[in-house]
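Please read the structure below before turning to the comments.
The values are calculated or read from the model by the stated rules, or taken from the named source; none is laboratory data. Everything numeric here is computed off the predicted structure, so don't read it as measured data. Cβ placement follows ideal geometry from the backbone for every residue including glycine, while neighbour counts extend to all protein chains displayed.
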Amino acid sequence: MPDGMTGDGASPAWSWDLRGTSAPVLVQVRRWASRTLTGIDDAHLGDVLMVVTELVTNAYDHGRGPVEIRLGHTRTPCLVHVEVDDSSPDHPAVAAPSQTTPGGRGMLIVAKLATAWGVREHPGTGGKTVWADVPCEAADTEPRTP
């Protein structure tokens, strides 16, 4: 697998600074990801957008707000690598959904849609990067810069 697609710290190709934003920016984040990843078919793009939404939402809800989102893409194998930085040291966890408590399903969704996901800590800042690799079969063109 190419460097940067496994959460190993290499830099993906596209990024967006989200410092100072609030949850309503999620619509714009999804549009940005859609415009950036033009070569991915709609069925797989929907999975990617769900993972993007869940990771950014988790950063707002549990990580003191997102700092940055990054996307990377490989064609063979077809994978979209999503990274979201936040300033909290707390790791996300996959939890069993509750019928009495709203929320709590985000990382379960990420775990189901991604081939792998994980966390890279940033000891110098106290923050972290949460990343996920989402398969995108049937992509036949390269992403373009928005």
What are the pairs with Cβ atoms under 8 angstrom where one residue, in region 17-41, is assigned to a loop (DSSP other than H, G, I, E, B) and the other, located anywhere, is among the hydroxyl-bearing types (Ser, Thr, Tyr)? Sequence gap at least six, or different chains. Ser22/Tyr60; Thr38/Thr141; Gly39/Thr141
Can you work out which of the residues in region 1-38 that are at pLDDT below 85 and surrounded by 17 or more Cβ atoms within 10 Å (Cβ to Cβ) is nearest to Trp131 (Cα to Cα)? Gly7
Does region 121-146 hold any residues that are over 17 Å from Cys78 (Cβ atoms), in contact with a helix residue (DSSP H, G or I) (Cβ under 7 Å, 6 or more places away or on another chain) and at pLDDT below 95, and which are they? Pro146
When region 94-120 is examined, which residues are found to be in contact with a Pro (Cβ under 9 Å, 6 or more places away or on another chain), modelled with pLDDT of 95 or more and farther than 22 Å from Ala43 by Cβ? Val119
Restricting the search to region 47-69, which residues are free of Cβ contacts under 8 Å to residues at least 60 places away in the same chain, closer than 14 Å to Val82 by Cβ and not hydroxyl-bearing (Ser, Thr, Tyr)? Leu49, Val52, Glu54, Val56, Pro66, Glu68, Ile69
